[in-house]
Amino acid sequence: MSRWQPDSRRRLQEAAVELYAEHGFSETTVAAVAERAGLTERTFFRYFADKREVLFGGEDALRAALVDAVAEAPRGAGPAELADAGVGAVVRALEPRRAELRRREPIVARHPELRERELTKLASWTAALREALEARAVPPRTAAVVASARVALLAVSARRWLADDGEDLAATVAADLAALRAST
């Protein structure tokens, strides 16, 4: 096995998702993932801190995109518009990953430790959005409510989007936001 192989990260991700789907997350070892990818365990740990990070990698970049979009939103935008700018950045980043996320979703759904990790991710996005809103002079209570509502809406919309072959994620979020507004 050569010391450097191109596209090692992607190969490890694909091998891991295949094995998680075939054998379950808990039953799959890092050694099995590395072997399937034709790499070493050491290479695995160069790219991922643990087995969960194969499924949750890129979370920091998404959180940063959310925060940056709020910071870059037009002056005078209200709390909802600011939050929508942040959510929109996440939506644009997720949209091209639909096939990958569809493979990931049932794996996460079947394993409590992964569902917990998913909730932790959403909580970190909520906190980041709240802080970004507060940095734009949105009062803390308003920032907390708006951030919580928008991240929850994004999570619900993303699940619907992954389960449906129809509309894109932006349209799903917009439809769900309209339904929320109509109900309140």
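The values are calculated or read from the model by the stated rules, or taken from the named source; none is laboratory data. Here the structure is a predicted model, which means the values were calculated and not measured. Heads up, the Cβs are rebuilt from the backbone with ideal geometry, glycines too, and the neighbour counts pull from every protein chain shown.
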Whichever residue in the range 9-28 is touching an Asp or Glu at 6+ places or on another chain (Cβ under 9 Å) and assigned to a loop (DSSP other than H, G, I, E, B) and, among such residues, is surrounded by the most Cβ atoms within 10 Å (Cβ to Cβ)
T28
Can you find a residue that is at pLDDT 95 or above and among the acidic types (D, E) anywhere in the range 65-78?
yes
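For V151, are the conditions met, namely being in contact with a helix residue (DSSP H, G or I) (Cβ under 9 Å, 6 or more places away or on another chain) and either surrounded by fewer than 17 Cβ atoms within 10 Å (Cβ to Cβ) or among the polar types (S, T, N, Q) (or both)? Walk me through how you get there before you give the answer.
Details: in contact with a helix residue (DSSP H, G or I) (Cβ under 9 Å, 6 or more places away or on another chain): yes; either surrounded by fewer than 17 Cβ atoms within 10 Å (Cβ to Cβ) or among the polar types (S, T, N, Q) (or both): no.
So V151 does not fit the description; no.
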Just to check your reading of the model, which residue among R159, R141 is among the basic types (K, R), surrounded by fewer than 17 Cβ atoms within 10 Å (Cβ to Cβ) and touching a residue at least 24 places away in the same chain (Cβ under 8 Å)?
R159
Out of (1) buried (at least 16 other Cβ atoms within 10 Å of the Cβ); (2) outside any helix (DSSP H, G or I), the one G166 does not meet is (1)
Taking the condition of being outside any helix (DSSP H, G or I) and either without any contact (Cβ under 8 Å) to a residue 60 or more places away in the chain or over 30 Å from A137 (Cα atoms) (or both), how many residues in the range 38-89 meet it?
15
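Could you go through the range 68-78 and let me know if any residue there is under 26 Å from L119 (Cβ atoms) and either of a type in the set (D, E) or under 17 Å from the mean Cα position of the chain (by Cα) (or both).
Scanning the range 68-78, I find at least one residue that is under 26 Å from L119 (Cβ atoms) and either of a type in the set (D, E) or under 17 Å from the mean Cα position of the chain (by Cα) (or both), so the answer is yes.
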Which of (1) farther than 14 Å from D84 by Cβ; (2) part of a helix (DSSP H, G or I); (3) modelled with pLDDT under 95; (4) over 17 Å from the mean Cα position of the chain (by Cα) is the odd one out, the single condition E131 does not satisfy?
(3)
Output the number of the condition that P96 fails; it satisfies all remaining conditions of (1) under 16 Å from R150 (Cβ atoms); (2) over 11 Å from the mean Cα position of the chain (by Cα).
(1)
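Identify, from the list A32, A109, A85, A99, the residue that is in the same structural domain as R141 (by TED's automatic domain parsing) and either at pLDDT 95 or above or over 27 Å from A152 (Cα atoms) (or both). Before you say what the answer is, go through the steps one by one.
Numbers: A32 fails: in the same structural domain as R141 (by TED's automatic domain parsing); A109 fails: either at pLDDT 95 or above or over 27 Å from A152 (Cα atoms) (or both); A99 fails: either at pLDDT 95 or above or over 27 Å from A152 (Cα atoms) (or both).
Just a single option satisfies the conditions, and that option is A85.
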